[in-house]
Amino acid sequence: MTSGPSDGATRTTDDDAPAQVAGQVTEVSEHPSPTLPAHLERLTERARDYVDAASSANTRRAYGADWKHFSGWCRRQGLELFPPSPQVVGLYITACASGAAIPGGKPNAVSTIERRLSALGWNFAQHGTPLDRADRHIATVLAGIRNTHGRPPVQKEAVLPENVIAMLETLERGTLRGLRDRAMLLLGFAGGLRRSEIVALDAGRDQTEDGRGWIEILDKGMLVTLRGKTGWREVEIGRGSSDSTCPVVAVQTWLKLAKIGHGPLFRRVTSRGKDVGPDRLTDQQVARLVKRTALAAGVRADLSEGERQMMFAGHSLRAGLASSAEVDERYVQKQLGHASAEMTRRYQRRRDRFRVNLTKAAGL
């Protein structure tokens, strides 16, 4: 699944306050199962842990919220959840597309409806009652929704190197929060990392249970080992041409002054900016950092304030590296962990627009 909660789904007034996540995963009740011998109970718990590990936390939150949305709609319509009915699901996605799924609701985007369908399929499967998404009551309605409401994909604006430098200038100098945010921006851009990958890093290997990667500082740069959407990968981040814009120097400075030698790499700054707490930042805080600094730096100042508010998010860093790096696409693909070269080319097409003018080449 590629869709997930939007960058702006959760807001807090304090960037370092713990994010309150809406739509926590709704527990899916299991069918009664035979009582297992006591010596197998520990294996049962481990199996549940592996089930959780099969998908990301963002995916589980989205699936839980979608199941709750569908359950509420069925309850209001007087319909039964089980067994799964393609006719009922077809009516549900029609309600989603028309804005009638909840009182006073708005029409869902096609990508949201497709994610909701994935969530229903997953939840029904957990009950041992699979949903047939190929059934004509679902497939035909979904095809009609795509044809009627489909829109070109909306991509976040890429921040280019000159934008990142301007964004760094908006951060407070000499403060722990400013040092941390500087390190996050430079590491996220130079590594082409997803926002979830940035905050999941530890200061060293296998230091926390919730960590999904770690960093190693070497003479020539920094090696980031992380577990992303496509599995484990290594990301090489070389040293910059200047200490002021070098991601390695920025991370080293943050680690030294924040006195971090073990545990989460990026954490909350507490006590009015004087101390560093133990809590790992959330990925929403990366998105807010990028948006806040991009707006403060005047990136795309040619657009209205409302348009600019919608253009920047955590993905802007990742898109920026892919759009600006003038190297062979296979190196960009490896850095970003793309499963296919076609995904990488989507960014490079934006970079290469109008480089070749076929109109003039044809003689016009």
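The values are calculated or read from the model by the stated rules, or taken from the named source; none is laboratory data. None of these values were measured; they are calculated from a predicted model. As a convention, Cβ positions derive from the backbone with ideal geometry for all residues, glycine included, and neighbour counts pool all protein chains shown.
Go through segment 143-183 and report how many residues are small (Gly, Ala, Ser), under 20 Å from the mean Cα position of the chain (by Cα) and assigned to a loop (DSSP other than H, G, I, E, B).
Here is the first cut: in segment 143-183, the residues small (Gly, Ala, Ser) are 143-144, 150, 158, 166, 174, 178, 183.
Right, trim to under 20 Å from the mean Cα position of the chain (by Cα) and you get 158, 183.
Next cut, assigned to a loop (DSSP other than H, G, I, E, B) only: 158.
Result for segment 143-183: 1.
For a quick check of your reading of the model, give me the residue pairs whose first member lies in segment 112-132 and is part of a helix (DSSP H, G or I), whose second is of a type in the set (Val, Ile, Thr) and at pLDDT 95 or above, with beta-carbon atoms closer than 6 Å and at least 6 apart or on different chains.
113/93
Taking the residues in segment 212-235 that are closer than 17 Å to residue 334 by Cα and among the β-branched types (Val, Ile, Thr) as candidates, determine which candidate is surrounded by the fewest Cβ atoms within 10 Å (Cβ to Cβ).
Of everything passing the filter in segment 212-235, 230 is surrounded by the fewest Cβ atoms within 10 Å (Cβ to Cβ).
Which condition does residue 356 not pass, out of (1) within 23 Å of residue 213 (Cα to Cα); (2) assigned to a loop (DSSP other than H, G, I, E, B); (3) among the β-branched types (Val, Ile, Thr), if it passes all the others?
Of everything listed in (1) within 23 Å of residue 213 (Cα to Cα); (2) assigned to a loop (DSSP other than H, G, I, E, B); (3) among the β-branched types (Val, Ile, Thr), residue 356 misses just condition (1).
Which of the numbered conditions does residue 254 fail, given that it passes all the others? Conditions: (1) assigned to a helix (DSSP H, G or I); (2) surrounded by fewer than 16 Cβ atoms within 10 Å (Cβ to Cβ).
The one condition residue 254 does not meet is (2).
So which helices (runs of 4 or more DSSP H) stay within segment 1-104 end to end and still have 3 or more residues that are surrounded by 10 or more Cβ atoms within 10 Å (Cβ to Cβ), within 17 Å of the chain's Cα centre (by Cα) and modelled with pLDDT of 80 or more?
On the way: elements: 41-53, 57-77, 86-98.
Helices (runs of 4 or more DSSP H) meeting the threshold: 57-77.
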